[in-house]
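Visitor: Below: one structure in structure tokens.
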Amino acid sequence: MLLAQISDLHITPPGTLAYGRVDTAAFLARAIDALNALDPRPDAVLITGDLVDAGGIDEYRHLRTLLHRLAMPWRVLVGNHDDRAHLRTVFDDRPELATGDAFVQYAFDVADVRVIALDTLDPGSGAGRLCATRLAWLEAQLDASRERPVVIAMHHPPVACGIGFMDDIRLAPDDSRALDALVRRHPNVERIVCGHVHRAISVRFGGTVVWCAPSTAHQVALQLKPDGPEAFVMEPPAFGLHLWRADSGLVTHCMSVDQGGGPQPF
Ligand SMILES: [Fe+2]
């Protein structure tokens with residue numbers, strides 16, 4: 001089983017740039033080219049939120065035209081820059097959005113692995129929430145998947161990473177503690193995969209491992225202090241590749257979109 005994860009696409013309306021400088025649509029197109037060229041191809045692509053930059057209908061329409069080129073099945077989940085209603089309006093035919101749930105939460109199988117996608121969006125806030133309703137839904141999903149490897153996907157990481165201004169808008173600490181306790185009771189959770197921090201980060205949590213994916217476009221500046229200015233850098237875009245094998249468990253690779261002219265023979 002090979003599951004690709006791209007994150008934090010921050011698509012803007014056609015012909016515009018994020019922050020007046022970042023051509024997020026062109027970056028996503030390059031990431032899609034890289035994904036489509038993989039051999040073996042991923043079984044599916046999971047997109048862990050901040051699909052668009054400002055939650056606008058015109059942004060989601062633009063995103064839709066871009067994702068059309070992905071050669072494998074894909075699923076979206078929401079981040080703090082997303083708008084559930086506008087997403088549903090434009091992606092009204094998507095199975096993950098037709099659950100009838102108020103939240104964008106769903107589960108699906110990628111070969112042997114059960115992927116459970118959570119909605120951590122708290123409209124009006126950059127930070128994330130997992131309220132009692134969402135946690136109860138997760139608990140039911142986990143209880144129904146005890147015999148299989150599980151990957152939980154959510155935009156906001158439930159941990160601090162040391163970058164102060166991002167830690168201020170992570171998943172709410174009380175909700176993170178509740179999630180920690182819940183996941184601890186389900187040791188078949190192989191990984192919690194997140195976005196939001198625009199960097200590759202791994203942390204132990206809840207008896208499993210949290211892994212955050214970089215953005216397909218701009219990355220958050222690595223300032224390991226509480227008071228660094230909110231800033232991004234143009235480090236190379238990258239994505240996650242989660243490889244499941246029964247004998248090795250889940251192995252997470254982080255692959256740069258730009259392969260620097262390789263592969264070349266040694
Ligand atoms: Fe983001």
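Visitor: Can you pull a Stokes-Einstein diffusion coefficient for segment 62-162 at 20 °C (1.002 mPa s), Rh from Kirkwood over Cα pairs, as a whole number of µm²/s? Numbers along the way, then the final one.
Guide: Numbers: Rh = 14.8 Å.
D, rounded to a whole number, is 145 µm²/s.
Visitor: Follow-up. Direction-averaged shadow area of the convex hull around the Cα atoms of segment 148-266, nm²?
Guide: With every direction weighted equally, the projected area is 9.0 nm².
Visitor: Also: For the chain, what is the mean residue ellipticity at 222 nm derived from helices alone (per DSSP H run of n ≥ 4: -39500 (n - 2.57); sum divided by total residues; nearest 500 deg cm²/dmol)?
Guide: Taken over the chain, the calculation gives -6500 deg cm²/dmol.
Visitor: What is the set of long-range amide H partners of residue 104 at a cut-off below 5 Å, with H atoms built 1.01 Å from backbone N?
Guide: Counting only residues 5 or more places away or on other chains, the set is empty.
Visitor: Report the calculated FRET efficiency for residue 92 and residue 247 (r = Cβ-Cβ distance, R0 = 45 Å), to the nearest 0.05.
Guide: That gives a FRET efficiency of 0.60.
Visitor: How would you rank 118, 142, 87, going from fewest to most other Cβ atoms within 10 Å of each one's own Cβ?
Guide: 142, 87, 118
Visitor: Can you give the longest run of the chain that contains no trypsin sites (Lys or Arg not before Pro) sitting in a DSSP loop with at most 13 other Cβ atoms inside 10 Å? The partial results should precede the final answer.
Guide: Values: sites that count: 21, 69, 146, 185.
Counting at most 13 other Cβ atoms within 10 Å as exposed, the longest clean stretch of the chain is 186-266.
Visitor: For segment 1-71, run through the chymotrypsin sites (Phe, Trp or Tyr not before Pro) and keep only the ones in DSSP coil with at most 15 other Cβ atoms within 10 Å of their Cβ.
Guide: Passing both the DSSP loop test and the Cβ count: 19.
Visitor: Let me ask something additional. Report, as a whole number in µm² per second, the diffusion coefficient that Stokes-Einstein gives for the chain at 4 °C and 1.567 mPa s using the Kirkwood radius over alpha carbon pairs.
Guide: D = 70 µm²/s.
Visitor: Longest segment of the chain with no GluC sites (Glu not before Pro) in a DSSP loop having at most 15 other Cβ atoms within 10 Å?
Guide: 1-146
Visitor: Could I ask something else about it? So, with +1 on the Cβ of K and R and -1 on the Cβ of D and E, and no other charges, what is the size of the charge dipole of segment 2-256 about its Cα centre, to the nearest 20 debye?
Guide: 360 debye
Visitor: Where both partners of a DSSP beta bridge lie in the chain, what percent of those bridges are antiparallel, to the nearest 5?
Guide: 55 percent
Rule-based calculations on the coordinates, nothing more; no lab input. Since the structure is predicted, the reported quantities are computational estimates derived from the model, not experimental observations. For neighbour counting, all protein chains shown are included, and Cβ atoms are generated from backbone atoms with ideal geometry for every residue, glycine included.
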